[in-house]
1. Tell me, yes or no, whether segment 49-72 has at least one residue that is touching a Phe, Trp or Tyr at 6+ places or on another chain (Cβ under 7 Å), more than 20 Å from ALA284 (Cβ to Cβ) and modelled with pLDDT of 90 or more.
2. What number goes with the only condition from (1) surrounded by fewer than 20 Cβ atoms within 10 Å (Cβ to Cβ); (2) closer than 23 Å to GLY95 by Cα that ILE268 does not pass?
3. Conditions: (1) touching a Phe, Trp or Tyr at 6+ places or on another chain (Cβ under 8 Å); (2) modelled with pLDDT under 90. VAL198 meets all but one. Number of the miss?
4. Taking segment 105-157, which residues are crowded, with 24+ Cβ neighbours inside 10 Å, within 17 Å of GLY297 (Cβ to Cβ) and not hydrophobic (A, V, I, L, M, F, W, C)?
5. Out of all the residues in segment 106-130, which are part of a loop (DSSP other than H, G, I, E, B), within 16 Å of LEU197 (Cβ to Cβ) and not charged (D, E, K, R)?
6. Filter segment 179-195 down to residues that are surrounded by fewer than 21 Cβ atoms within 10 Å (Cβ to Cβ) and either touching a Phe, Trp or Tyr at 6+ places or on another chain (Cβ under 9 Å) or modelled with pLDDT under 75 (or both), then give me how many there are.
7. Kindly indicate whether ALA299 is modelled with pLDDT under 80 and surrounded by fewer than 23 Cβ atoms within 10 Å (Cβ to Cβ).
8. Quick one: count up the residues across segment 230-251 that are over 19 Å from LEU86 (Cβ atoms) and either of a type in the set (Gly, Ala, Ser) or assigned to a helix (DSSP H, G or I) (or both).
Amino acid sequence: MPQALTAQTTGELSTLPGTSPAEAPKAVVEPESRTVPEAGSAPATAYAWMALSATLFALMNFFARLASAKVPWTMVGATRALVGVLVALAVGRLGGSALRVRDQRGMWLRSLLGTASMLCTFYALSRPALPLGDTTTLLNLTPVFVALLTPFFLREPTGARVVASLSISLAGVLLVLRPAALFGGQVAAEGAVDVGLVAALAAVFAAFAMMMLRRLGPRESPAAISMHFSLVAAGTFALLSAPSLILPSEKDALHMILAGLCAGFAQIAMTRAYALERAARVSAVGYLAVAVSGALGAAVLEEWPRGTTLLGMALVVGGGLVIALGARPSASGLPSRR
């Protein structure tokens, strides 16, 4: 997702802290009476929701990395999803949001894509071969993949801006992963490239989920999207974790629950952000997760990045910002490309 959610993804709803300090998600009214916000009508509110989401996603990544040191990553993911279900249910009930799904086909597609991204995200987060900040950076390739995929799936043309963004981000990925074929002895830890590829795959799945999320946003409540996705993810992770179930320590259990709480509320905050602002510029705020994850990794996990890694992270983020900040609102709610 990683972030992916992967995404981490995100994920999607990915991250679902419940009611944020800003405002609880509003109840969904019938399609014929609901007014969808015009593009750019509430940018400040959308950016605030996205900043909250990014911070919570970074905390989810951090707690998931801590828990995965001793607990199977599938159990960590299952706990995150189950807590996400409870968070979505509580937020929906307390905030008066409708939990009924209107677009069943679209919702299932979004949830399955989000679950695929989440599987890749939690696998990547569980592997210490790649530092937390590096993993989060790759999970945040989602806006770049959205730009690459929209011409094929949303029929929106792209231009030189997308080519430039992809080139910048690719250079950043190479500096983060430092493959042996290019860097000789100055390579990342063994297995880092494989983990990085899984994190990038999480971003691909998250890109598809984001395109679905934007289409669902005007019709479905954030709580409904979060709960459906969390239920699908919980069932998938539960099946995968069954063969390796263990009894976690109190400390590991706390880390797992905290990861779930952060993810649950982050998902709702992210969904609200995309529903309020049609322009994909809101996604630029999501890169706050890279900075927060990198800081946590360095300060707590002692994963101090080298100079080339910092440059690579900056290039990946820069490539995404080229897309996000150069976006113009379109009818689909995702950015038009220049």
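The values are calculated or read from the model by the stated rules, or taken from the named source; none is laboratory data. From a predicted model like this one, the values you see are computed outputs, not experimental measurements. No Cβ is skipped: glycine too gets one built from the backbone with ideal geometry, and neighbour counts run over all protein chains shown.
1. Yes, that holds for at least one residue.
2. Result: ILE268 fails condition (1) only.
3. Checking VAL198 against (1) touching a Phe, Trp or Tyr at 6+ places or on another chain (Cβ under 8 Å); (2) modelled with pLDDT under 90, the one that fails is (2).
4. THR121, PRO131, GLY133, ASP134, THR135, THR136, THR137, ASN140
5. Step one: filter segment 106-130 for residues part of a loop (DSSP other than H, G, I, E, B), giving 126-130.
This time we only want the ones that are within 16 Å of LEU197 (Cβ to Cβ), so: 126-127, 129-130.
Selection gives SER126, ALA129, LEU130.
6. 11
7. When the stated conditions are applied, ALA299 does not pass them.
8. Of the residues in that region, 8 qualify.
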